[in-house]
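As structure tokens, the structure follows; a few thoughts come after it.
The values are calculated or read from the model by the stated rules, or taken from the named source; none is laboratory data. If you're wondering where the values come from, they're calculated on a predicted model, not measured in any experiment. Cβ sites come from the backbone with ideal geometry, for glycine too, and all protein chains shown count toward neighbours. Each accessible area value is taken on the protein alone, full model and side chains, heavy atoms only, with ligands, DNA and RNA left out. Shrake-Rupley method; radii C 1.70, N 1.55, O 1.52, S 1.80 Å.
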Amino acid sequence: MNTRQSIGLLAIVYLLIIIFCNYSLGLYSFTDSTMFEQYDTVSYLESTQRLISHFQPHPYRCIGYSLFLAIPYALFNSSNLLFICVHTIQLMMLFSVYVIVYVLFKKYVSNKLALVMIIGFMLNISYIGYAYLVLTEIPFLFLITLSAYYFHHYLQYSKVQHLFIGFAFLCFSILFKPGFYLFGLLIFISICLLFIVRNASFKNLLILIIILFSTVGFQKIWMYSSYSTFKLSYIDDITTYRYFNSSIIAAKNNVDLSPLMQQRDQAMLVNFNNFKTAEDLNSFRLSVKAESMFLLKQYPKASIYAFIENIYSNIHTGNALIRDIEVPNFNNETSRKAFFNYTRIWNMLMGAILFISTIYFLASFRKLYREHKERLYFIVLLFLYCYYNILISGVSFYQGDRFNVVWMPFVLIILSMLGSKKSLNV
């Protein structure tokens with residue numbers, strides 16, 4: 001079976017999985033904005049409306065997903081057609097991710113094994129669930145997968161344009177999930193050091209800087225124009241206040257977390273007027289910073305406990321969004337609970353595979369360095385990405401597998417590379 005036939009087979013399997021998910025979970029009903037009033041979807045639509053109507057930044061949503069939604073929103077506003085359009089595009093993006101990962105598999109294992117691995121991975125139907133939600137997970141995964149693909153191409157063919165393309169996709173993905181800003185800076189510094197070691201021309205460094213400033217830099221300047229701050233967004237302050245600091249206080253005082261969060265949310269809204277002005281937002285930012293420093297200094301044990309507990313809460317649960325969203329005329333709660341438990345198994349399984357593969361990697365590090373140095377660099381990059389995801393999940397909780405679905409495909413790529421005797425330059 002050649003590559004084209006294999007991709008055709010993947011397309012058939014993918015369509016069957018989509019049909020199954022729609023029938024068993026009623027995903028076709030996810031087309032009413034009122035269903036998502038308690039979720040992040042509302043703020044993403046608000047951000048898109050600001051972009052289209054006034055070209056103003058949203059205080060805690062970057063421009064990336066707003067640009068993605070801009071044309072469908074301009075055409076259909078918040079109607080059912082908007083959701084249908086977004087679902088269709090995100091489903092196409094998800095299939096593209098599967099194809100790219102399959103292509104990378106094929107470089108290290110046989111075509112038959114690559115097919116088995118990717119079809120097995122496609123059975124984690126949590127990805128279909130996220131494709132039917134107006135959230136950043138699938139577009140971000142699409143961009144970060146393209147970034148990894150081009151970084152891999154650079155290591156394989158040593159063409160600097162592949163490095164630039166990979167970095168550009170990484171920078172654009174940060175505009176979907178600003179929490180990856182530090183990871184992007186780490187990659188930027190690494191590439192700069194690579195250019196210095198290899199005596200690359202100043203032109204290469206200039207192109208890299210232009211990519212960074214035209215994406216992440218633009219968002220910061222745009223934010224400064226409206227809120228007098230060079231932050232990508234205020235979402236980190238809100239997340240720290242609502243989740244991490246709340247979990248520290250709950251751990252320190254040994255109280256229930258949910259009522260505490262509700263109390264703190266009410267205080268936040270009263271004190272800062274729903275963040276309607278730059279002054280409110282910057283006052284809130286300073287107050288969160290002060291509270292965070294106080295909690296970390298005064299209660300270090302509770303802070304560490306809360307951080308670890310948050311990671312644990314995100315790595316052993318399933319897709320809670322699909323389980324909890326109320327779907328009109330579709331009350332199959334049994335299917336939803338079974339779906340949640342099924343995705344929970346996947347979440348824990350992939351976490352276990354990541355841990356085991358890390359141990360194997362450390363044990364075989366010297367051999368990889370001697371025999372497959374380029375492959376070693378790429379594996380390290382993927383490990384850094386996976387563990388960065390897990391670490392930043394420590395500031396939040398109740399997110400199910402939402403933080404983890406964006407790194408799971410890369411664990412399987414790591415496995416295929418660790419188990420292969422092929423050189424990267426094949």
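Could you tell me the center-to-center distance, by alpha carbons, between region 287-336 and region 178-227 in angstrom? Here the answer is 31 Å between Cα centres. The longest stretch of the chain left intact once loop-based chymotrypsin sites (Phe, Trp or Tyr not before Pro) with at most 15 other Cβ atoms within 10 Å are removed from consideration, loops following DSSP, is 56-229.
Placing +1 on each Lys and Arg Cβ and -1 on each Asp and Glu Cβ, with no other charges, gives region 16-135 a dipole about its Cα centre of roughly 560 debye. For the chain, dividing the convex hull volume of the Cα atoms by the residue count gives 161 Å³ per residue. A quarter of the convex hull surface defined by the alpha-carbon atoms of region 224-332 gives 9.5 nm² as the mean projection. Leaving out ligands, DNA and RNA, what percent of the accessible area of the chain is carbon and sulfur, probe 1.4 Å? Answer for the chain is 64 percent, counting heavy atoms of protein chains only. Accessible area ranking (1.4 Å probe, heavy atoms, ligands and nucleic acids excluded), largest first, for LEU349, LEU155: LEU349, LEU155.
Using unit Cβ charges (K, R positive; D, E negative) and no other charged atoms, how large, in debye to the nearest 20, is the dipole of the chain about its Cα centre?
Details: 32 positive and 19 negative charges, 361 e Å.
Roughly 1740 debye for the chain.
If you wrap region 15-80 in the convex hull of its Cα atoms and look at it from every side, the mean projected area works out to 5.4 nm².
The Kirkwood hydrodynamic radius of region 128-206, based on inverse pair distances between different Cα atoms, is 13.5 Å. All alpha carbon pair distances within region 160-235 were sorted into 10 Å bins beginning at 0; the resulting P(r) in whole percents reads 19, 49, 25, 7, 0. With the Cα gyration tensor of region 289-426 giving a ≥ b ≥ c as the square roots of its eigenvalues, does the rule (a/c under 1.5 for rounded; else a/b larger than b/c for prolate; else oblate) give rounded, prolate or oblate? The shape class here is oblate.
A run of the chain free of exposed loop cleavage sites, with trypsin sites (Lys or Arg not before Pro) counted only in DSSP states other than H, G, I, E and B and at most 15 other beta carbons within 10 Å, reaches its longest extent at 1-158. Over the chain, Cα pairs under 8 Å with separation of 6+ residues give a relative contact order of 18 percent. Within the shell of other residues whose beta carbon sits under 10 angstrom from the beta carbon of GLN156, the net charge comes to +2, with Lys and Arg scored +1 and Asp and Glu -1.
Of the residues PHE284, THR334, TRP346, the one whose Cα sits farthest toward the positive end of the charge dipole of region 263-370, with +1 on the Cβ of Lys and Arg and -1 on the Cβ of Asp and Glu, is TRP346. Take every pair of alpha-carbon atoms less than 8 Å apart whose residues are at least six positions apart; their mean separation over the length of region 311-426 yields a relative contact order of 41 percent.
Determine how many Å³ per residue the convex hull of the Cα atoms of region 282-368 encloses. Don't skip to the end; give the middle numbers.
Working: hull volume 17.6 nm³, N = 87.
In region 282-368, the Cα convex hull volume per residue is 203 Å³.
Each principal axis of region 1-157 carries a Cα extent, and these read 51, 40, 24 Å when sorted largest first.
Relative contact order of region 120-271, taken over Cα pairs closer than 8 Å and 6 or more residues apart, is 14 percent. Over the residues of the chain, the helix contribution to mean residue ellipticity at 222 nm works out to -23500 deg cm²/dmol, using -39500 (n - 2.57) for each DSSP H run of at least 4.
About its Cα centre, what dipole magnitude does region 204-349 give when the only charges are +1 on Lys and Arg Cβ and -1 on Asp and Glu Cβ, stated in debye to the nearest 20?
Values: 14 positive and 11 negative charges, 58 e Å.
Dipole about the Cα centre, nearest 20: 280 debye.
Think of region 88-230 as having a plus end and a minus end, set by charges on the Cβ of Lys, Arg, Asp and Glu; of ILE174, MET93, HIS162, HIS162 sits farthest toward the positive end of this dipole.
Only lysines eight or more places from LYS177 in sequence, or on another chain, were considered; those with a Cα closer than 27 Å are LYS220, LYS231, LYS276, LYS289.
Once R0 is set to 25 Å, what does the formula 1/(1 + (r/R0)^6) return for the Cβ-Cβ distance between LYS373 and ALA200, expressed as a FRET efficiency to the nearest 0.05?
Details: r = 19 Å, r/R0 = 0.76.
Step by step, r from the Cβ atoms, then E = 0.85.
Annotation note: GluC sites (Glu not before Pro) in region 320-426 located in DSSP loop regions with a Cβ neighbour count of at most 14 within 10 Å are GLU326. In the context of the full set of protein chains, the chain has a per residue accessible area of 47 Å² (1.4 Å probe).
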